[in-house]
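Read through the structure below, which is laid out as structure tokens, and then see the notes.
The values are calculated or read from the model by the stated rules, or taken from the named source; none is laboratory data. Since this is a predicted model, take the numbers as computed values, not measurements. Glycine also receives a Cβ, built like all others from the backbone with ideal geometry; neighbour counts cover every protein chain displayed.
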């Protein structure tokens, strides 16, 4: 999917680090986005996954970017990553992988009394006559 993204804003400024040869931005971007999609947000866990996970290893082309490299890339290009993430969502929506809509959450809070000291066994509830009949049940 990263092949469809416009990386010109990153490639214009990307020179990599001075020491060893740089990882291509598509590799680091793919690692970040796949990590986000699978619930891995930590750069250390992403690095570890390039050793342990076949999917991460495939995405990283059997390379193992250091967690500091991943974190620095994320920090350095954060504004560009936000724009690219929107592009990913739009591509996923066009491909039918994503349905965009509204989600409503109910934040109702209800006071409960579920103390283990007040809990009754089924036998004690029957003896006390609690729960033996439903409120809609007709009495004979």
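Can you pull out every residue in the stretch 29-45 that is under 21 Å from residue 4 (Cβ atoms) and surrounded by 15 or more Cβ atoms within 10 Å (Cβ to Cβ)?
29, 30, 31, 32, 33, 34, 35
Whether any residue in the stretch 56-64 is at negative phi, over 16 Å from the mean Cα position of the chain (by Cα), surrounded by fewer than 16 Cβ atoms within 10 Å (Cβ to Cβ) and assigned to a loop (DSSP other than H, G, I, E, B) is what I want to check.
Within the stretch 56-64, one or more residues are at negative phi, over 16 Å from the mean Cα position of the chain (by Cα), surrounded by fewer than 16 Cβ atoms within 10 Å (Cβ to Cβ) and assigned to a loop (DSSP other than H, G, I, E, B).
Going residue by residue through the stretch 8-18, is there one that turns out to be assigned to a helix (DSSP H, G or I), surrounded by 10 or more Cβ atoms within 10 Å (Cβ to Cβ) and in contact (Cβ under 8 Å) with a residue 40 or more places away in the chain?
yes
In the stretch 66-82, is there at least one residue being in a helix (DSSP H, G or I), surrounded by 10 or more Cβ atoms within 10 Å (Cβ to Cβ), touching a helix residue (DSSP H, G or I) at 6+ places or on another chain (Cβ under 7 Å) and modelled with pLDDT under 90?
no
In the set 26, 48, which member is surrounded by 13 or more Cβ atoms within 10 Å (Cβ to Cβ), in a helix (DSSP H, G or I) and modelled with pLDDT of 95 or more?
When all the criteria are applied, what remains is 48.
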